[in-house]
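Accompanying notes for the structure given below.
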Protein chains: 2
Amino acid sequence: MTFQKTDRFLVAGLGLLGARYALGLTRAGLHVDGVNRSRPNLETALQKGYIQTGKTADYADLVSAADYIILAQTPSAMLEWAGRWGRCCKPGCLITDLAGVKQGLVEPLQALLPQEVEFIGSHPMAGRELSGAQNAELVDFFPANFIITPTGQNTPRGIAFARALADTLGFAHVCLLSPAEHDRMIGYVSQLTHAIAVSLMCASDNGRLAEYTGDSFRDLTRIARINGGMWAELFLWNRQNLIAEIDQFTSTLQALKERLATGDAEALKEMFALSTQRRAAFDKKPEEEKG
Amino acid sequence: MTFQKTDRFLVAGLGLLGARYALGLTRAGLHVDGVNRSRPNLETALQKGYIQTGKTADYADLVSAADYIILAQTPSAMLEWAGRWGRCCKPGCLITDLAGVKQGLVEPLQALLPQEVEFIGSHPMAGRELSGAQNAELVDFFPANFIITPTGQNTPRGIAFARALADTLGFAHVCLLSPAEHDRMIGYVSQLTHAIAVSLMCASDNGRLAEYTGDSFRDLTRIARINGGMWAELFLWNRQNLIAEIDQFTSTLQALKERLATGDAEALKEMFALSTQRRAAFDKKPEEEKG
């Protein structure tokens, strides 16, 4: 699929990533409109030229004119939006999202929308410890992953739309997972790491230690600065997977503690050897490193 | 204290940090000798010009000629070394180390060495996921912390030596802590984070997820590549503090899990707000950022 200059995109929700999508599509020479319930992000997106037209209410005209819609809100806001505005979409309209959870979202969204409108789930794995349209330019989509999560309701045209979007926005890798596979994966690689970083900061009042910290502590806790409203929702939407990951991680940490308590140096070294070997698989390949 | 061109330094142990110390002192125009039980690191340090003379055995002449000695080994090897070679040190000789644990090491070392030799503990917080003399040039001591851990046995001259060493090697910050304070701090900012990263990698066979990981996962687990022998020893030497930190962290993670399990979004947001606020104190100040 190739986008045409005459195509009309609509971004619903102009926070950090919604505005970044609008910016990327506009830079590619495409027509982008935007809607946002509150005024500041909309004003920023208009002033910076990320969108051509924008509204905070009465979206029906912009929705019905759109060929492609990007839902860039929290999962609950997406469901509300689709219930309210879905009926205004024109037949053949293709819609995607950018939510970090998929099970419990993609199929309900597909069910809410009219038959002649196709929703295809996708997730740009490119969050940052930032928020708001004013920071959109700081988000870099290379070398991030773009994950498409089709269901039995999706068509090759819907998947081609999501792929074309990822290419236009400059993602390095595109992959397909089912919503369930996506949520299991994200529970481990993203949500568990955020839960750990948050717990590490909450475990003790550690500000007095700031002057002693090295890069390893800073790297591990960078993600403890968190957009609380959005992450509470993402955690709760995926709580079954996240609780399972927390349990598995906790029992491994307890095993390490047991080895410490019994003074078993050899058993500790076995864990260190395993972690060293496994971590090697996660090193960036040279072509993924940024210059 | 200012070092003189006629002063003789001896580095005992030419692994990554020992070789980096030798390199830094040699670059400052000082005379550095080195001893190391095995040949490869010694050969590297000689070939690269980090040391002027080196030996793998019969060190008595180099030890007795030294004005300043740096013990750059594991804690147990330092104790063995001091027991064997301490009696060869010349009166007035100043000795320091670079171990990541201090309680149970500094006072025993002071007790092992002759009365007229002063040992002052210090810890350069500049480890890397590397080892060996061949990687010494990759270690950057700016903007790392250099921690001096004096006891009642130390003199202003001993502390001045450690400060001069930190300045010569280019550390950004020097601070003084008691051995007990040092070990409590390091249990939290360094050892707990390593225990977490290792446990995260050991918790599941996750190589198939490597293609989906983003920077947050990579940052958090970077330190899971670990020098097993050295870290097993550091963990065990500080196990009381580390076990206390693991327990405190684990109960906080369990509290987060409880909030998830009961679906308490407000209580989750409270944790996120606390972690965000606390993490802000750990951001690097602009003058610490490298160009």
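Going by average Cβ neighbours within 10 Å, how do the peptides B:230-238, A:78-86 rank, with the highest at the top?
B:230-238, A:78-86
Label A:Asp283 and A:Thr155 with points 7 Å out from Cα along Cα→Cβ: what is the distance between them in nm?
Going by the 7 Å Cα→Cβ label model, 4.7 nm.
Of the beta bridges DSSP finds with both residues in the protein assembly as shown, what % are antiparallel, to the nearest 5? Don't skip to the answer; put the middle values down first.
Details: 8 of 53 bridges.
Within the protein assembly as shown, antiparallel bridges account for around 15 percent of the total.
For region A:60-159, give the share of DSSP beta bridges that are antiparallel, in percent and rounded to the nearest 5; count only bridges with both residues there.
Details: 4 of 11 bridges.
About 35 percent, rounded to the nearest 5.
Give the average, rounded to an integer, of partner chain Cβ atoms located within 10 angstrom of each Cβ in B:240-247.
Working: counts 2, 0, 3, 5, 0, 4, 7, 3.
Averaged over the peptide's residues, the number is 3.
If each label sits 7 angstrom from Cα along the C-beta direction, how far apart, in nm, is A:Met1 from its counterparts in the other copies?
The projected label point of A:Met1 is separated from its counterparts by 7.0 nm.
Do you know which residues of region B:164-201 lose at least 30 square angstrom of accessible area in the protein assembly compared with their chain on its own, with a 1.4 angstrom probe?
B:Cys175, B:Met185, B:Tyr188, B:Val189, B:Thr193, B:Ile196, B:Val198, B:Ser199, B:Leu200, B:Met201
Treating the beta-carbon of each Lys and Arg as +1 and of each Asp and Glu as -1, no other charges, what is the dipole magnitude of the protein assembly as shown about its Cα centre, to the nearest 20 debye? Intermediate values should be presented prior to the final figure.
Details: 58 positive and 64 negative charges, 120 e Å.
Magnitude of the dipole: close to 580 debye.
Give me the inter-chain shielding for A:130-143: mean count of other chain Cβ atoms within 10 Å, whole number please. Mind showing how you got there, number by number?
Working: counts 0, 0, 0, 0, 0, 0, 0, 0, 0, 0, 0, 0, 0, 2.
Taking all residues of A:130-143 together, the mean is 0.
With an 8 Å cut-off on Cα pairs and a minimum separation of 6 or more residues, tell me the relative contact order of chain A in percent. Before the final figure, lay out each step's value.
Details: 449 pairs, mean separation 43.5, N = 291.
So the answer I get is 15 percent.
Extension gain B:Lys5-B:Ser131, at 0.36 nm per residue separation less the Cα-Cα distance, in nm? Intermediate values should be presented prior to the final figure.
Working: separation 126, 0.36 × 126 = 45.36 nm, distance 2.94 nm.
Value of the extension gain: 42.4 nm.
How would you order B:215-228, A:7-20 from highest to lowest mean count of nearby Cβ atoms within 10 Å?
Values: B:215-228: 21.4, A:7-20: 24.9.
The peptides rank, most packed first, as A:7-20, B:215-228.
For region B:237-277, just say rounded, prolate or oblate: build the C-alpha gyration tensor, square-root its eigenvalues into a ≥ b ≥ c, call rounded for a/c under 1.5, and beyond that prolate if a/b exceeds b/c, oblate if not. All intermediate terms of the calculation are to be shown ahead of the outcome.
On the way: a/c = 6.40, a/b = 2.09, b/c = 3.06.
The shape class here is oblate.
Once you treat every alpha carbon in the protein assembly as shown as an equal point and sum by Debye, what is log10 I(q)/I(0) at q = 0.11 Å⁻¹?
Values returned for q = 0.11 Å⁻¹ are -0.98.
Per-residue Cβ counts within 10 Å, from other chains only, averaged over B:254-267: what number is that? Display every interim value, and only then the final one.
Values: counts 4, 3, 10, 9, 1, 4, 11, 4, 1, 2, 2, 6, 2, 1.
Mean partner shielding for this stretch: 4.
Taking the Cα centre of region B:189-289 as origin, work out the dipole magnitude from +1 charges on Lys and Arg Cβ and -1 charges on Asp and Glu Cβ, in debye rounded to 20. Let's see the in-between values first.
Details: 12 positive and 15 negative charges, 27 e Å.
Roughly 140 debye, rounded to the nearest 20.
Can you tell me what share of the DSSP beta bridges in chain A is antiparallel? A percent to the nearest 5 is fine.
15 percent
How large, in percent, is the carbon and sulfur part of the accessible surface of the protein assembly as shown at a probe radius of 1.4 Å?
Details: 11090 of 23070 Å².
So the carbon and sulfur contribution to the accessible surface is 48 percent.
When only Cα pairs under 8 Å and 6 or more residues apart are kept, what is the percent relative contact order across region A:45-158? Spell out each step's value before the answer.
Values: 149 pairs, mean separation 25.3, N = 114.
After rounding, I find 22 percent.
Considering chain B, which cysteines have no disulfide-compatible partner, defined as another cysteine with its Cβ under 4.7 Å away?
B:Cys88, B:Cys175, B:Cys202 - these cysteines have no disulfide-compatible partner (Cβ-Cβ under 4.7 Å) in chain B.
Just to confirm my numbers, what's the Cα centroid distance between region A:137-188 and region A:1-80 in Å?
19 Å
Would you mind working out the accessible area per residue for region A:157-291, using a 1.4 Å probe, and quoting it in Å²?
Details: 5320 Å² over 135 residues.
I get 39 Å² per residue for this part.
Treating only the Cβ of Lys, Arg, Asp and Glu as charged (+1, +1, -1, -1), what charge dipole size does chain B show about its Cα centre? Round to the nearest 20 debye. Present the calculation step by step, with values, prior to reporting the outcome.
Values: 29 positive and 32 negative charges, 90 e Å.
It comes to approximately 440 debye.
The values are calculated or read from the model by the stated rules, or taken from the named source; none is laboratory data. This one's a predicted model, so the numbers in the text were calculated from it and none came from an experiment. In this analysis, Cβ positions are derived from the backbone assuming ideal geometry, glycine residues included, and neighbour counts consider all displayed protein chains. What goes into the accessible areas is simple: the full protein's heavy atoms, side chains included, and nothing from ligands, DNA or RNA. Shrake-Rupley method; radii C 1.70, N 1.55, O 1.52, S 1.80 Å.
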